[in-house]
Amino acid sequence: MNKEEFEKSLLKQFNSVIAKWEGGIVNDPDDPGGFTRGGIALNYNTMITKEELMAMDHDDIAHVLYTKYGEPYKIHTMSPGLALAFFDCSINQGPSAAQVSLQHAINEFNGKESGVLYIKVDGIFGKQSHAALQTIMAKYGNKNRYRMLLTNFLSNRMNRYSMNYNPKFMKGWSNRLMDIAFLSAMIELEWQAEPGHLDSWPTS
């Protein structure tokens with residue numbers, strides 16, 4: 001599956017899941033994102049006006065979300081369950097939170113026997129972080145242990161909810177995280193069960 005195939009198939013599935021949780025219009029005074037529609041918060045997307053946001057259809061919104069919260073981090077090269085979990089985290093908690101959570105997950109996964117160097121946790125998922133993830137996928141992507149990477153990522157994301165977040169939103173966030181965790185795990189299992197899944201998965 002190349003990047004184009006990922007965007008035509010898996011990404012559409014991801015968009016449906018995220019749209020369910022983002023809902024329609026939210027303008028809660030306690031939400032730092034401010035006026036939000038479909039996951040696009042104007043306070044974090046200042047290049048978009050309220051009028052422009054209201055004029056967008058579902059495909060427009062999905063394109064903006066992928067362009068900002070998914071594509072720059074090469075989610076098409078991640079195993080599909082991890083890609084969904086990362087993409088949703090990037091939208092819900094911000095790209096920096098998603099990158100930090102994944103960098104921690106990579107370091108937590110790495111044991112002395114893994115052969116993958118520990119990476120700097122800086123919220124910038126650059127070449128070193130990408131290479132470390134690809135090494136883990138290549139060496140462990142067909143083993144049960146690989147799914148611990150997704151588990152580590154999701155637990156790191158859960159922990160971040162307790163850090164400087166308004167408890168008013170905790171129930172909804174917890175429900176969202178549990179749903180994403182279940183769906184991501186199912187997608188990951190299906191991917192691992194496919195013959196040659198590692199051979200056909202893009203690395204760049």
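For a quick check of understanding: with a 1.4 angstrom probe and all protein chains in place, what accessible area in square angstrom does Val100 have, to the nearest ten?
30
Once Cα extents along the principal axes in Å is worked out from the coordinates, which option in [x] 51, 35, 34; [y] 80, 38, 27; [z] 51, 36, 28 does it equal?
Label [z] holds the value from this structure.
With +1 assigned to the C-beta of every Lys and Arg and -1 to the C-beta of every Asp and Glu, and no other charges, what is the dipole magnitude of the range 2-82 about the Cα centre in debye, to the nearest 20?
The calculated dipole for the range 2-82 is roughly 260 debye.
Work out the charge dipole of the chain with +1 on the Cβ of Lys and Arg and -1 on the Cβ of Asp and Glu about the Cα centre, then indicate which of Met78, Trp173, Met158 is farthest towards its positive end.
In the chain, that residue is Met158.
What percent does the relative contact order of the chain come to when contacts are Cα pairs within less than 8 Å and at least six residues apart?
22
For Lys74, go through the lysines and keep the ones whose alpha-carbon is under 29 Å away, minus same-chain ones fewer than eight residues off.
Those lysines meeting the cut-off are Lys3, Lys8, Lys12, Lys20, Lys50, Lys112, Lys120, Lys127, Lys139, Lys143.
Per residue, how much accessible area does the range 28-142 show when a 1.4 Å probe rolls over the protein heavy atoms, in square angstrom?
About 44 Å² of surface per residue is accessible.
Using the Cβ atoms and a cut-off under 10 Å, what net charge is assigned to the surroundings of Gln103, where Lys and Arg are +1 and Asp and Glu are -1?
-1
On a 0 to 90 degree scale, rounded to 10, what angle separates helix 127-140 from the longest Cα axis of the chain?
It is inclined by approximately 50 degrees.
Once you place label points 7 Å from the Cα toward the Cβ at Lys120 and Glu51, how far apart are they in nm?
Each label point is offset 7 Å from its Cα along the Cβ direction, giving 4.4 nm.
Grab the DSSP H runs of the chain that are 4 residues or longer, score each as -39,500 (n - 2.57), total them, divide by all residues and round the 222 nm result to the nearest 500 deg cm²/dmol.
That comes out to -18500 deg cm²/dmol.
Residue farthest toward the positive end of the dipole of the chain, with Cβ of Lys/Arg at +1 and Asp/Glu at -1: which of His63, Gln134, Asn27?
Among His63, Gln134, Asn27, the one farthest towards the positive end of the dipole of the chain is Gln134.
At a 1.4 Å probe, what is the % contribution of carbon and sulfur to the accessible area of the range 1-143?
Percent of accessible area from carbon and sulfur atoms in the range 1-143: 56.
Report the paramagnetic label zone for Ser200: residues of the range 1-27 whose backbone N is under 15 Å from a point 7 Å from Cα along the Cα-to-Cβ axis.
Answer for the range 1-27: 1-10.
Mind putting a number on the dipole of the chain about its Cα centre? Charges go on the C-beta only, +1 for Lys and Arg and -1 for Asp and Glu, and I need it in Debye to the nearest 20.
I would put it at about 720 debye.
The values are calculated or read from the model by the stated rules, or taken from the named source; none is laboratory data. This one's a predicted model, so the numbers in the text were calculated from it and none came from an experiment. Note: ideal-geometry Cβ built from the backbone for every residue, glycine included; neighbour counts use all protein chains shown. Just so you know, the surface numbers come from the protein's heavy atoms only, side chains and all, with ligands and any DNA or RNA stripped out. Shrake-Rupley method; radii C 1.70, N 1.55, O 1.52, S 1.80 Å.
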